1. Provide the solvent-accessible area of Ser64, counting protein heavy atoms only and rolling a 1.4 Å probe, rounded to the nearest 10 Å².
2. For segment 69-162, which trypsin sites (Lys or Arg not before Pro) are in a loop by DSSP, counting at most 15 other Cβ atoms within 10 Å?
3. Restricting to DSSP loop positions (anything but H, G, I, E, B) with no more than 12 other Cβ atoms inside 10 Å of their own Cβ, which chymotrypsin sites (Phe, Trp or Tyr not before Pro) remain in segment 50-146?
4. Just subtract the alpha-carbon distance of Thr89 and Ser104 from 0.36 nm times their residue separation and send over the number in nm, one decimal.
5. Heavy atoms only, 1.4 Å probe, whole protein assembly: order Ser61, Ser104, Ser68, Ser135 by accessible area, highest first.
6. Quick one: if you stick a label point 7 Å off each Cα along the C-beta vector at Leu70 and Glu118, how many nm between them?
7. So how much slack lies between Ser135 and Asp63, counting 0.36 nm per residue of separation and subtracting their Cα-Cα distance, in nm?
8. Quick one: if the Förster radius is 41 Å, what FRET efficiency do Ser147 and Leu97 give, using the C-beta to C-beta distance and rounding to 0.05?
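The values are calculated or read from the model by the stated rules, or taken from the named source; none is laboratory data. It should be emphasised that the depicted structure is a prediction, and the values quoted were computed from it without experimental measurement. As a convention, Cβ positions derive from the backbone with ideal geometry for all residues, glycine included, and neighbour counts pool all protein chains shown. Keep in mind that these areas ignore ligands, DNA and RNA; they rest on the heavy atoms of the full protein, side chains included. Shrake-Rupley method; radii C 1.70, N 1.55, O 1.52, S 1.80 Å.
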Amino acid sequence: MLICEKNILDEEIDIMSRELQRYGIKMPVFQKIGGILSSNIEGDAAALHAAIININNALDSDDSVESSLLNPAAQLKYVLPHLVTTYHTVLQHAKKLKIQNTLSRSMNDSYTPDVYDELLTQAEIQGYVLNLNTSCAVNEIVKAIESNDDQKLFDEINYPWL
């Protein structure tokens, strides 16, 4: 979406919000569905929620995130132990960016706080893991092609996340 279109859409949303407030109409906050659902969870979902919070807490410290990322309750796929330090760096940066974006959104009158506003979700963490894995695999594929190493190339292109 172009910046101009986004500004027009934001302006229209603001006008609609003011009109709804003027008539006393309350609309549900659909963008906060993650937080609503996290407060009504049971069993495996609660374990998943706790594991994701544990990962986020580990990102705020200098402790390794390896055990948190490898925790089966986090339901993360394809976490490679040799990339844990890089995952930590990438996820820390992503979390800081998410917090900055939340601070920007919090200036809006219609902002409603959510549990996952300042925490990376399981899907976001999984996305960053897969993105990093893919990036590293592509680098190795290029090296295999440059060195005419067919076996290495075959091994690299057969990773399940590619």
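1. Per-residue accessible area (Ser64): approximately 70 Å².
2. Sparse-neighbourhood loop trypsin sites (Lys or Arg not before Pro): Lys77.
3. none
4. Full extension of this stretch gives 3.1 nm more.
5. These residues rank, largest area first, as Ser104, Ser135, Ser61, Ser68.
6. 3.0 nm
7. Length gained between Ser135 and Asp63: 23.5 nm.
8. It comes to 0.70.
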